[in-house]
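K.L.:
Once you've had a glance at the structure underneath, I'll fire off some questions.
The values are calculated or read from the model by the stated rules, or taken from the named source; none is laboratory data. This structure is a prediction, so every number in the text was calculated from the model and none was measured. Note that each Cβ is placed from the backbone with ideal geometry, even for glycine, and that neighbours are counted across all protein chains shown. When the accessible area is computed, the model is the full protein with side chains, heavy atoms only, and any ligands, DNA or RNA have been set aside. Shrake-Rupley method; radii C 1.70, N 1.55, O 1.52, S 1.80 Å.
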Amino acid sequence: MLETLRKSASGIVAKILMGLLILSFGIWGIADVFRGFGSQTLATIGSSEITVPEFQRLYQERLQQISQQLKRGITPDQARAFGLPDQVLSERLAEAALDDQANSLGIALSDAEIAKRVQQNPAFFGPSGSFDPNYFAQLLRQNGYTEARFVDAERRLAQRQQLIQSLGGGLTVPTVLKEAVARFENEERSLNYALITSASVTPPADPSDDELRAFFDARKVAFRAPEYRKADILALTPQAIAASEQVTDAEVKAAYDANLSSYGTPERRVVQQIVFPNAEEAKVAADRVAAGTAFADLVAERKLDAKDVDLGNVTRADIFDKAVAEAAFALPENGTSAVVAGRFGPVIVHVGAITAGTVQPLDAVAGQIRQQLQLDAARRELLQKYDQVQDEQASGAKLSEIASKLGLTVLSLDTDVLGKAPDGASIPEIPGRSDVLRGIFASDVGAENDPVQLPQNGGYVWYEVQSITQPRDRTFEEARAQVLDRWKQDKIAEELDKRVEDIKAKVAGGEGFDKAVTDAGLELRAANGLKRGRAADGVPQEILDAVFETPKGGVGSALAEGGDSRILFNVLNVTVPTATAENERVLANLRQGMENDLMTEYLVQLQSQLGTRVNRTALDQIVGTDAVN
């Protein structure tokens, strides 16, 4: 219920309070242990006490929330690894510190004001859009609150909000900081530039063996072989077991008949309608049509435009009003209906041209339907297969044995941590690639590991490490191809850098940037309106830092295309436009950060004044309970 209140609270106060409850995790010294606590006291700060039952309730609620988000239970060890016990306690200590200070300052709210806050809280609005006492009482019962307990919690929350508002609510951003933010966000630059690519450099001739060996000896660590691991992978996915699913021809035919619209194009009709104010007028018009009056004449007489009557060239599913759809698709071409009871009043429907639908024959799509039915059946069988794999693994069977018994396939690979084979080639199609590789390199030879669950119920992947090859220095002969490739890359990079410096030297000597670039055989390009962090006009984002570090009229350069090319540029103009809406959002975030900093300092001072005591033994007993599922 308190979570409901916090989520429904609005404005600067709520934002600061929730931010502080998170920040407080890092500022409260809750590792101190004091003796002499009562049996039900977990912590004290000032005159406020946090009881064991209160913390147990808060902690279990937080565990439940995280378990629901993760869609699985978490163990006490996992919760402690996340720092969850200290975080929950820190948040409650922050609240208690503010409660204590609010009480000492005499901050209070009347019963009438509390009642008003509750009645204005949208969380308690019923179907009528206003406060619903019955719904309010129902929510209290569902969340285990009595009215008195809830009112007390609401009163304390309101008092904390008043205290925070008095401290940080009126904070303003200094003018000099506003101007700096405006300049940083809105400054624009125009420049001329040229791209020098590796393709424009003549590839160097191969070096001698002695030269290449010397290059290798100076950089041996760069060619060191990483750790490799041989592992077996068993992937249980719908696709892996679909082929074994039996689907009869009758099931394929039934699926085809049930989804005919999926195997072709639906019929389309040009549909018009006139909506009448009452049934009597509609009946008169329908009788006139039956007597020979054209539908178009009715439209003209009622001075209606095309937009008033045209529904377009539509399928049955395109027509929102089902009664109109049924009437329209029951008429012949150029037919007009009798009066139809439409959703928005009596209607007469007219149909113009009809485009017949098309349907692929069963033979043309039977294979596709069979595969989909097999896949659907495999998804239903997935959990059963999962249990079988787990049972076999629990009995001590290896993955290769399990795969053979259950008709699955094991993938054996020899990989480094990046998923590359010893020859440097990337290993394709490792299911759950990043998680499986991470698990393989965190496991031991022969160890049993928990499976990796693929996203969107896509299946499970088990892995077993068979052997480990430790990192080692490669010999020159082993690494020769890599060494040669690296040597050529370095030589090309040196040539690119030399060309850049040659052009810079010419400009420094008085030659114009544009002439120096074109004389070097490069294409001169222009870019305007460049802003920090926003790529434009073909200028890659990674060079913008260099552009904005170069003064107006200056010449700069930067790596481009992952270091394979160089960009050489001349800053022509620098402008700072007026503030924008985006600027205001940045200032709002900055103001929020300043308020949070101020309140963090305030809470640190409160801790020093009030003193914090924690019964660590009781805390350890609470957080050592069973996992929540």
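K.L.:
Which of the helices in the chain, when you take each full DSSP H run, stretch at least 20 Å along the axis at their Cα atoms and have an average Kyte-Doolittle score of -0.5 or higher? Each step should come with its number before you reach the end.
P.N.:
On the way: long enough: 52-70 (27 Å, -0.94); 84-104 (30 Å, -0.43); 147-168 (31 Å, -0.70); 362-394 (46 Å, -0.82); 476-508 (47 Å, -0.95); 581-610 (43 Å, -0.52).
Sorted by number, the helices that extend far enough and score high enough are 84-104.
K.L.:
Given the peptides 510-517, 126-133, 254-261, arrange them by the average over their residues of other C-beta atoms within 10 Å, most packed first. Before the final figure, lay out the partial values.
P.N.:
Values: 510-517: 16.1, 126-133: 11.4, 254-261: 13.4.
Sorting 510-517, 126-133, 254-261 by mean packing, highest first, produces 510-517, 254-261, 126-133.
K.L.:
About the Cα centre of segment 480-536, what is the dipole size in debye to 20, counting +1 per Lys and Arg Cβ and -1 per Asp and Glu Cβ, all else neutral?
P.N.:
Details: 13 positive and 11 negative charges, 75 e Å.
Once rounded to the nearest 20, the dipole reads 360 debye.
K.L.:
Right, another one. Could you give the length gained on full extension between ALA421 and GLN456, defined as 0.36 nm per residue of separation minus the Cα-Cα distance, in nm? Before the final figure, lay out each step's value.
P.N.:
On the way: separation 35, 0.36 × 35 = 12.60 nm, distance 2.89 nm.
So the extension gain works out to 9.7 nm.
K.L.:
Run the dipole for the chain about the Cα centre, Lys and Arg Cβ at +1, Asp and Glu Cβ at -1, nothing else charged, and hand back the magnitude in debye, nearest 20.
P.N.:
Numbers: 67 positive and 88 negative charges, 244 e Å.
It comes to approximately 1180 debye.
K.L.:
Hey, what did segment 338-473 get for relative contact order, percent, Cα under 8 Å, at least 6 apart? Mind dumping the intermediate values first?
P.N.:
Working: 86 pairs, mean separation 16.5, N = 136.
Worked out over segment 338-473, it gives 12 percent.
K.L.:
Which residue, chosen from PRO431, ALA618, ALA258, occupies the Cα position most advanced towards the positive end of the dipole of the chain, where the dipole is computed from +1 (Lys, Arg) and -1 (Asp, Glu) charges on Cβ about the Cα centre?
P.N.:
Projecting each Cα onto the dipole axis, the largest value belongs to ALA618.
K.L.:
Now for a separate question. Which one, ILE354, VAL417, VAL365, is farthest towards the positive end of the dipole of segment 342-429 when Lys and Arg carry +1 and Asp and Glu -1 on their Cβ?
P.N.:
Ranked along the dipole, the leading option is ILE354.
K.L.:
Right, something else. Taking the alpha-carbon centroid of each part, what is the distance from segment 255-317 to segment 405-455 in angstrom?
P.N.:
Centre-to-centre (Cα) distance: 61 Å.
K.L.:
While we're on this one: For segment 469-588, what is the per residue volume of the convex hull drawn over the alpha-carbon atoms, in cubic angstrom?
P.N.:
183
K.L.:
Average the reciprocal distances over every distinct pair of alpha-carbons in segment 263-322, invert the result, and give the Kirkwood radius in Å.
P.N.:
Working: mean 1/r = 0.0760 Å⁻¹.
It works out to 13.2 Å.
K.L.:
Here is a further query. Which one of LEU331, VAL271, ALA588 is farthest out on the positive end of the charge dipole of the chain, using unit charges on Cβ (Lys, Arg +1; Asp, Glu -1) and the Cα centre as origin?
P.N.:
ALA588
K.L.:
Please label the shape of segment 185-312 as rounded, prolate or oblate, based on the square roots a ≥ b ≥ c of the eigenvalues of the alpha-carbon gyration tensor (a/c under 1.5 means rounded; beyond that, a/b larger than b/c means prolate, else oblate). Working shown, then result.
P.N.:
On the way: a/c = 4.92, a/b = 2.01, b/c = 2.45.
Cα axes put segment 185-312 in the oblate bin.
K.L.:
From Cα pairs below 8 angstrom and at least 6 apart in sequence, can you work out the relative contact order of the chain, rounded to a whole percent?
P.N.:
On the way: 814 pairs, mean separation 175.2, N = 629.
It comes to 28 percent, rounded to a whole number.
K.L.:
Separate question: Evaluate E = 1/(1 + (r/R0)^6) for ALA148 and SER104, where r is the Cβ-Cβ distance and R0 equals 35 Å; express this FRET efficiency to the nearest 0.05. Working shown, then result.
P.N.:
Working: r = 24 Å, r/R0 = 0.68.
Once rounded, the FRET efficiency stands at 0.90.
K.L.:
With a 1.4 Å probe and every protein chain left in place, work out the accessible area per residue of segment 141-271 in Å², rounded to a whole number.
P.N.:
Working: 6990 Å² over 131 residues.
Using a 1.4 Å probe on heavy atoms only, each residue of segment 141-271 averages 53 Å².
K.L.:
Using only the Cα atoms, what convex hull volume per residue in Å³ does segment 153-192 have? Write down the numbers at each step before the final one.
P.N.:
Values: hull volume 3.2 nm³, N = 40.
It comes to 81 Å³ per residue, whole-number rounded.
K.L.:
Follow-up. Please state, to two decimals, what the Cα-based radius of gyration of segment 94-183 comes to when divided by 2.2 N^0.38 Å (N = residues). Don't skip to the answer; put the middle values down first.
P.N.:
On the way: Rg = 18.2 Å, N = 90, 2.2 N^0.38 = 12.2 Å.
Ratio of Rg to 2.2 N^0.38 Å for segment 94-183: 1.50.
K.L.:
Take the alpha carbon atoms of segment 452-496, find their radius of gyration, then divide it by 2.2 N^0.38 Å using N residues; give the quotient.
P.N.:
Numbers: Rg = 20.3 Å, N = 45, 2.2 N^0.38 = 9.3 Å.
Rg over 2.2 N^0.38 Å, computed on Cα atoms: 2.17.
K.L.:
Please report the equivalent ellipsoid semi-axes of segment 283-370, computed as sqrt(5 x eigenvalue) of the Cα gyration tensor, largest first, in whole Å. Working shown, then result.
P.N.:
Numbers: eigenvalues 216, 37, 30 Å².
Each semi-axis is √(5λ); the values are 33, 14, 12 Å.
K.L.:
For the modelled label position 7 Å from the Cα of VAL173 along Cα-to-Cβ, which residues of segment 591-613 have backbone nitrogen atoms closer than 14 Å?
P.N.:
591-596
K.L.:
Restricting to DSSP H runs of at least four residues, report the calculated mean residue ellipticity at 222 nm for the chain, -39500 (n - 2.57) per run over all residues, nearest 500 deg cm²/dmol.
P.N.:
Values: 24 runs with 307 residues, N = 629.
It lands at -15500 deg cm²/dmol.
K.L.:
I've got another one for you. Quantify, in whole percent, the carbon and sulfur part of the accessible surface of segment 47-132 (1.4 Å probe; protein heavy atoms only). It would help to have the intermediate numbers written out before the result.
P.N.:
Values: 2160 of 4360 Å².
In segment 47-132, the share of accessible area belonging to carbon and sulfur is 49 percent.
K.L.:
Could I ask something else about it? Considering the zone a paramagnetic label at SER400 would reach in this model (a point 7 Å from Cα along the Cα-to-Cβ line), which residues of segment 413-444 have amide N under 15 Å from it?
P.N.:
Under 15 Å, as judged by backbone N against the label point of SER400, lie 413-414 of segment 413-444.
K.L.:
Using the Kirkwood radius over C-alpha pairs as Rh, can you work out the diffusion coefficient of segment 292-450 via Stokes-Einstein at 37 °C, viscosity 0.692 mPa s, in µm² per second? Walk me through the intermediate numbers first.
P.N.:
On the way: Rh = 22.9 Å.
Stokes-Einstein gives a translational diffusion coefficient of 143 µm²/s.
K.L.:
So how far apart, in nm, are the two label points at LYS491 and ALA290 if each is 7 Å from Cα heading toward Cβ?
P.N.:
Between LYS491 and ALA290, the simple spin-label model gives 9.5 nm.
K.L.:
For segment 117-240, give the magnitude of the charge dipole about the Cα centre (Cβ charges: +1 Lys/Arg, -1 Asp/Glu; no others), in debye to the nearest 20. Walk me through the intermediate numbers first.
P.N.:
Working: 15 positive and 15 negative charges, 152 e Å.
About 740 debye.
K.L.:
Using only Cα atoms, figure out Rg for the chain and give it as a multiple of 2.2 N^0.38 Å. Intermediate results must be reported in sequence, preceding the final value.
P.N.:
Details: Rg = 36.6 Å, N = 629, 2.2 N^0.38 = 25.5 Å.
Against the empirical 2.2 N^0.38 Å value, I get 1.44 for the chain.
K.L.:
Kindly give the semi-axes, whole Å and largest first, of the ellipsoid equivalent to segment 107-236, taking each as the square root of 5 times a Cα gyration tensor eigenvalue.
P.N.:
Ellipsoid half-lengths, sorted descending, are 68, 32, 18 Å.
K.L.:
While we're on this one: Suppose we keep just the alpha-carbon trace of segment 322-384; what are its Rg and Dmax in angstrom?
P.N.:
Computed over the Cα atoms of segment 322-384, radius of gyration and Dmax are 20.8, 57 Å.
K.L.:
On average, how much accessible surface per residue is there in segment 288-393, in Å², for a 1.4 Å probe, leaving out ligands, DNA and RNA?
P.N.:
On the way: 6210 Å² over 106 residues.
Here the per-residue accessible area is 59 Å².
K.L.:
First compute the accessible area of segment 206-262 with a 1.4 Å probe, then give the percent of it belonging to carbon and sulfur atoms. Intermediate values should be presented prior to the final figure.
P.N.:
Details: 1530 of 3200 Å².
About 48 percent, which is the carbon plus sulfur part of the accessible surface.
K.L.:
Which value, in Å to one decimal place, does the Kirkwood hydrodynamic radius take for segment 427-528 when every pair of different Cα atoms is included? Before the final figure, lay out the partial values.
P.N.:
Values: mean 1/r = 0.0510 Å⁻¹.
Here the Kirkwood hydrodynamic radius works out to 19.6 Å.
K.L.:
Could you tell me which of rounded, prolate or oblate describes segment 217-280, using a ≥ b ≥ c as the square roots of the eigenvalues of the alpha-carbon gyration tensor, with rounded for a/c under 1.5 and, failing that, prolate when a/b is larger than b/c and oblate otherwise?
P.N.:
Working: a/c = 5.42, a/b = 2.21, b/c = 2.45.
Because a/c hits 1.5 or more and a/b fails to exceed b/c, segment 217-280 counts as oblate.
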